[in-house]
Amino acid sequence: MKKALVILASIVLLCMAGSLFAEAQAEGASGKTKLTMYHLLNLSETTAQNFTDVMLPEFAELHPDIQIEPEYLFNEPFHNKLQAMAVADTLPDIIFLWPGKRTGEVTGSGKIKDLRPWLSGHESEFAAMAMAPQGPNGEIYELPEQVTATHVMFTNNKLLADLGLEFPQTFEELLDQGQIMRDAGLIPIAMDNKDGWEMQSCLASVLVERAAGQAWYDAAVSGNTDVAKYTDPEFVYSLEIIKILQDEEMFSPGINQADYGQALNAFVNEQAVFTIDGGWRANNMVSELTDEQKTYVTFKVLPDIPNQKGVSGSTSAVAGTGFGMNAKLSGDKADKAWDWIWYYSGPVGSKTRQAFGALPAYNLPVPGDADPMVKALASFIAKTPMTYVLDAKMDAEGMGVFNPGVQEMMLGSKTAAQVAAEYEAWVAANDSSRK
């Protein structure tokens with residue numbers, strides 16, 4: 001048996017060596033450096049073509065000596081495989097990452113290279129928020145592609161006017177309008193929440209600041225339990241607002257079974273008056289809204305809630321995602337990986353993405369002939385007060401408790417207080433903010 005195992009191991013090693021030799025031969029023959037890439041991309045969305053059919057060819061034209069070999073996944077499958085690759089030490093050369101704790105287990109593992117040696121001297125070319133340190137010693141593990149507002153209440157003003165309504169000034173007014181909208185056969189607020197992150201990122205995060213105030217939020221995410229715990233009434237109240245919206249039938253029917261993207265379709269097809277999503281949806285609206293629709297779709301936020309302690313009219317935001325590189329890369333291969341990272345988030349790629357509806361972290365003026373949705377997003381980011389996104393500040397594993405808990409609360413099987421207690425118990429026992 002032992003001999004058989006030795007033979008099998010030898011065969012495996014020979015196959016691996018042969019594969020590596022063949023790869024080296026192919027790379028040498030083509031004269032190109034191959035770089036593997038792992039990217040978060042939903043290939044079923046039209047915006048994916050912006051990346052696959054425009055950006056990759058543009059980079060190839062600028063860098064004919066580099067061959068990018070991408071792999072794409074989306075939502076939780078992306079994160080699950082990313083963590084598995086990190087544990088197995090099989091990370092690709094270029095990896096799409098978050099600046100905060102959403103991919104913190106990977107960026108904090110020592111397996112992602114600090115980009116500061118390449119970035120040095122270019123920091124002032126980016127929005128200040130995008131250059132916030134991502135590691136304990138100021139490391140920058142990924143170069144942010146944009147500053148991301150995760151809460152936008154996209155509004156169809158034509159539908160409002162057709163119903164004899166204006167944008168609600170209070171939460172109570174929003175609820176009152178809901179019945180009028182439903183009577184007209186419309187969804188008041190289109191949202192998807194099958195994966196759970198949507199409600200957490202696009203609504204719950206801003207509601208925490210609205211309900212509790214920024215000082216409480218600061219204390220909560222830093223682990224100062226003398227000031228803030230997730231069982232506090234303020235946090236429970238932020239969840240109760242979501243439950244009220246659900247009970248008042250303000251959300252899409254079947255919201256917790258809806259795949260991400262269904263709400264956008266309902267909004268674009270004018271079956272919903274509002275949709276709550278992230279600012280990144282401006283990318284989709286550039287291509288999916290008609291020119292006429294772009295004259296009456298505006299970017300708002302949820303009206304202030306009763307007994308609000310936080311800032312009026314706030315959104316939740318985070319320095320954007322972006323690409324980083326495997327810490328194993330060195331020399332010319334690391335420089336070529338940086339060529340991609342700098343292309344994507346630097347001036348060239350940022351200009352390309354801006355044309356598609358992105359608001360890059362790289363400082364670029366908004367062109368006068370930019371799409372109305374690009375201008376609307378730029379104006380929204382410039383004037384809207386910002387607070388935290390929960391999963392950017394708290395350990396990602398805890399979202400496996402919080403997100404399903406919110407879904408269960410919406411379905412009526414748990415109370416807001418129970419969800420808060422379960423999340424506080426997990427944070428107290430596991431979150432790095434309490435250690």
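The values are calculated or read from the model by the stated rules, or taken from the named source; none is laboratory data. As the structure is a computational prediction, the values presented were derived from the model and not from experiment. Counting neighbours? That spans all protein chains shown, and the Cβs are built from the backbone with ideal geometry, glycine included. The protein model used for the area step is the full one, side chains on, heavy atoms only, and it has no ligands, DNA or RNA in it. Shrake-Rupley method; radii C 1.70, N 1.55, O 1.52, S 1.80 Å.
Phi-derived couplings, Karplus 6.51 cos²θ - 1.76 cosθ + 1.60 at θ = phi - 60°, listed residue by residue for the stretch 78-85: 4, 5, 4, 6, 4, 5, 5, 5 Hz, with x used for Gly and Pro. Between the stretch 288-361 and the stretch 179-256, the C-alpha centres lie 23 angstrom from each other.
Full extension of the segment from Ser120 to Arg182, taken as 0.36 nm per residue of separation minus the current Cα-Cα distance, would add 16.9 nm. Springs between Cα atoms under 10 Å define the GNM used for the chain, and in it the highest mean-square fluctuation of Gly110, Gly310, Gly31 occurs at Gly31.
Distances between placed amide hydrogens fall under 5 Å for Val389 paired with Ala317, all partners being 5 or more residues away or on another chain. Ligands, DNA and RNA left out, the accessible area of the stretch 186-308 computed with a 1.4 Å probe is 45% carbon and sulfur.
Take each peptide in 387-400, 359-372, count the other Cβ atoms within 10 Å of every residue, and average; sorted highest first, the result is 387-400, 359-372. In order along the stretch 143-153, the Karplus-derived 3J(HN,Hα) couplings, from 6.51 cos²θ - 1.76 cosθ + 1.60 at θ = phi - 60°, round to 8, x, 7, 6, 8, 10, 8, 8, 10, 10, 9 Hz, and Gly and Pro are given as x. Helix 171-183 and the long axis of the chain differ in direction by around 90°, with both axes built from C-alpha atoms. Val221 exposes around 20 Å² of accessible area when a 1.4 Å probe is run over every protein chain in place. Excluding ligands, DNA and RNA, the accessible surface per residue across the stretch 44-88 is 52 Å² with a 1.4 Å probe. Across Arg353, Arg116, Arg434, the residue with the most accessible area heads the list, and the full order at a 1.4 Å probe is Arg116, Arg434, Arg353.
Accessible surface area normalised per residue over the stretch 346-392 is 40 Å², counting heavy atoms of protein chains with a 1.4 Å rolling probe. Solvent-accessible area of Glu249, all protein chains in place: 110 Å² (probe radius 1.4 Å, heavy atoms, ligands and nucleic acids excluded). Taking Ala204, Ala425, Ala272 as the candidate residues, the one with maximal mean-square fluctuation in a Gaussian network model of the chain, Cα springs under 10 Å, is Ala425. To the nearest ten degrees, helix 347-356 and the longest principal axis of the Cα atoms of the chain are 40 degrees apart. Remark: the Thr225-Asn42 segment gains 62.0 nm on full extension, using 0.36 nm per residue and subtracting the alpha carbon distance.
When the chain is treated as a GNM with alpha-carbon contacts under 10 Å, the residue of Phe274, Phe356, Phe171 showing the greatest mean-square fluctuation is Phe171.
The sum of -39500 (n - 2.57) across all DSSP H runs of n ≥ 4, divided by the residue count of the chain, sets its helix-only mean residue ellipticity at 222 nm to -13500 deg cm²/dmol. Return the loop-located GluC sites (Glu not before Pro) in the stretch 98-176 (DSSP other than H, G, I, E, B) with at most 12 other Cβ atoms within 10 Å of their own Cβ; answer none if there are none. Those satisfying the criteria are Glu166. Could you list the trypsin sites (Lys or Arg not before Pro) in the stretch 145-207 that lie in coil according to DSSP, counting only those with at most 13 other Cβ atoms within 10 Å of their Cβ? Here no loop site has a sparse enough neighbourhood. Beta-bridge orientation, the chain: approximately 55 percent antiparallel, per DSSP, counting only bridges with both partners inside.
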